[in-house]
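Chemist: Here it is, the structure in full.
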Amino acid sequence: MQTAIPLGEKIMQVRTAKNLTQENLAYGIGRNAVFISRIENGQVEITPKTLAKIRTYLGVEKAPLLEHERSTFKNRLWVWRGILNTRRYSEAQDMQSELSCILYLPFERDLLVMYQMIESQMLFRQKDFDGIKQRLENADASMGELSKEAKYLYYYAKSYMCHYQGNVKEAIEYMKMLLDIKLPDINEEALLLVTIGDMYNSQGKPFLALSFFERAKMVYVGDHTNPLGAMIDGVTASCHMQIGDYHSAKKMYESSLALARTTNEPLLISTLLSDLALTHMNLDNHDEALILCEEALLLAKHIKVQYMISLSCKAKILMKTNQVTKAKIVIKEGKTLAEGEMKMFGVVFEAFGHLMTLNSEESTTYLETVAIPYLRGTLQNFLALEICDALEAHYVKKKAKIKSLAIGVISRDIYRDMISVVV
């Protein structure tokens, strides 16, 4: 609990933070330095008119100098965060200018940490990870004094920083801490559950991810125009597809896509179209799969990563339907776009090319020694399994029993990883 600080002392701390002398402040409000000294020492009562002049001169008109102003300022911080979460970045920058006055209130540690944790969301967008690290360190030094609200925002920023650094296990632990903090005015449980599930999914743990997605569906309260509403069914469907339940996946993707189309979010819609296309492919609805894939590509033409994902979906569909010439054209495009900066897609499209020439020892060697190890290392277990299945079928056909058994062992290891409850 923060100890109440006299108003005069607060004014002195703000003045000092701005590198101003008592004489500077006195001149700025038309009084003398003795008067300022008496104010700061609590020897004279400050009238509203004098306080307004002091606020204006110090540039903290909207800062919470008085105790009853703290809750109003705190609410403004949450509004700022909401604006950021809805990607209204121009509005967020304007509001940051308004709220940055808290930087000159060193006695307001809790509100300052809240401000800096929300500011970290803007720094993530700007890729200023050193700035985020510095703000997290500032929060670490005050952890014992922080309110539940400040700790909530700290754990949120800490989780995303850990995730960026590749420490997914720690990122998940911070997300779980967020679930334990109950803030009556913050209804983000569904979002947190989806985020945790998504992290597990990124680690190739679809069964574990599914448990969190199902919980998210149970607690989600919102309208259909919210992208989160469309996302929950989509991520749940992705787990069903990975475990081979294609009919359930199809139903959920269709529901999610219908909601997503009302949000006007091209990335979300394109992602769902690609996933639904693969589901149709696995159900042998190849014409429908290609139609969906083409729409996904059109929507993602300016979103390179998603475009590559949709392009890889198209390649898989063309390969499965033995449209070799068209598949080679798509694979060539994918390899060209992946050159230099997108190694994962380079490996994926190279693997697709070799899947069409399995009778070549060069192709089987590449798939066994490069593609499968790389995909397992980057936790692309679903695709690694598809390659294993193709290789195993190839070796069975060739009556290469030892080779087929060896690939079968790899497949079982991947399945074991997918059902493991350890991250």
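Chemist: How much accessible surface area, in Å² rounded to 10, belongs to the heavy atoms of residue 324 with a 1.4 Å probe?
Modeler: 70 Å²
Chemist: Around residue 247, with a cut-off of 14 angstrom between Cβ atoms, what is the net charge of the other residues, counting Lys and Arg +1 and Asp and Glu -1?
Modeler: -1
Chemist: Note the angle between two axes, namely the Cα long axis of helix 401-419 and the longest principal axis of the Cα atoms of the chain, as a number of degrees from 0 to 90, rounded to the nearest 10.
Modeler: 30 degrees
Chemist: Place a +1 charge on the Cβ of each Lys and Arg in region 43-107 and a -1 charge on the Cβ of each Asp and Glu, then give the dipole magnitude about the Cα centre in debye, rounded to the nearest 20.
Modeler: Dipole of region 43-107, to the nearest 20 debye: 140 debye.
Chemist: Let me ask something additional. Within a Cβ distance under 13 Å of residue 353, other residues only, what is the Lys/Arg minus Asp/Glu net charge?
Modeler: +1
Chemist: In whole angstrom, note down how far apart the Cα centers of region 349-413 and region 81-119 are.
Modeler: 51 Å
Chemist: Ordering 404, 255 from largest to smallest accessible area (1.4 angstrom probe), what's the sequence?
Modeler: 255, 404
Chemist: Counting other Cβ atoms within 10 Å, keep those with at most 13, restrict to DSSP loop, and tell me which GluC sites (Glu not before Pro) in region 327-423 are left.
Modeler: 339, 341
Chemist: Which value, in Å² rounded to 10, gives the accessible area of residue 55 with a 1.4 Å probe and all protein chains present?
Modeler: Solvent-accessible area, nearest 10 Å²: 20 Å².
Chemist: To the nearest 20 debye, what is the magnitude of the charge dipole of the chain about its Cα centre, counting +1 on the Cβ of each Lys and Arg and -1 on the Cβ of each Asp and Glu?
Modeler: Computed about the Cα centre, the dipole is about 300 debye.
Chemist: In whole Å, how far is the Cα centre of region 206-256 from that of region 148-194?
Modeler: Answer, in whole Å: 21.
Chemist: On C-alpha positions alone, give me the angle between the axis of helix 343-355 and the longest principal axis of the chain, in degrees, nearest 10.
Modeler: Value to nearest ten degrees: 10.
Chemist: Mind checking which lysines have their Cα closer than 25 Å to the Cα of residue 398? Skip sequence neighbours fewer than 8 apart in that chain.
Modeler: Within the straight-line cut-off, residue 398 pairs with 316, 320, 328.
Chemist: Between (i) 0.97; (ii) 1.15; (iii) 1.12, which matches Rg/Rh (Cα atoms, Kirkwood Rh) calculated for the structure shown?
Modeler: The value computed from this structure is option (iii).
Chemist: On to the next question. For region 173-187, take each phi angle, set θ = phi - 60°, evaluate the Karplus expression 6.51 cos²θ - 1.76 cosθ + 1.60, and give the result in whole Hz per residue in order, putting x for glycine and proline.
Modeler: Residue by residue, region 173-187 yields 4, 5, 4, 5, 4, 4, 4, 7, 8, 9, 10, x, 9, 10, 9 Hz.
Chemist: I'd like the Karplus ³J(HN,Hα) series for region 324-333: coefficients 6.51, -1.76, 1.60, θ = phi - 60°, whole numbers in Hz, and an x wherever there's a Gly or Pro.
Modeler: The phi angles translate into 4, 4, 5, 4, 5, 5, 5, 4, 4, 4 Hz.
Chemist: Next question. Looking at this model, which pairs from 10/74; 250/343; 10/182 are more than 24 angstrom apart at the alpha-carbon?
Modeler: Exceeds cut-off: 250/343; 10/182.
Chemist: Leaving ligands, DNA and RNA out of it, rank 301, 176, 314 by accessible area with a 1.4 Å probe, largest first.
Modeler: 301, 176, 314
Chemist: Compute the signed sum of charges (Lys and Arg +1, Asp and Glu -1) over the other residues within less than 15 Å, Cβ to Cβ, of residue 180.
Modeler: +2
Chemist: Can you give the calculated 222 nm mean residue ellipticity of the chain, where each DSSP H run of n ≥ 4 adds -39,500 (n - 2.57) and the sum is split over every residue, rounded to the nearest 500 deg cm²/dmol?
Modeler: Roughly -23000 deg cm²/dmol at 222 nm, from the helical runs in the chain.
Chemist: I would also like to ask the following. Helix 7-17 versus the longest principal axis of the chain: what angle, 0 to 90°, nearest 10, using Cα atoms?
Modeler: 60 degrees
The values are calculated or read from the model by the stated rules, or taken from the named source; none is laboratory data. Predicted model, so just to flag it, every value in this text is computed and none were measured. With ideal geometry, Cβ positions are generated from the backbone for all residues, glycine too; neighbour counts draw on all protein chains shown. Each accessible area value is taken on the protein alone, full model and side chains, heavy atoms only, with ligands, DNA and RNA left out. Shrake-Rupley method; radii C 1.70, N 1.55, O 1.52, S 1.80 Å.
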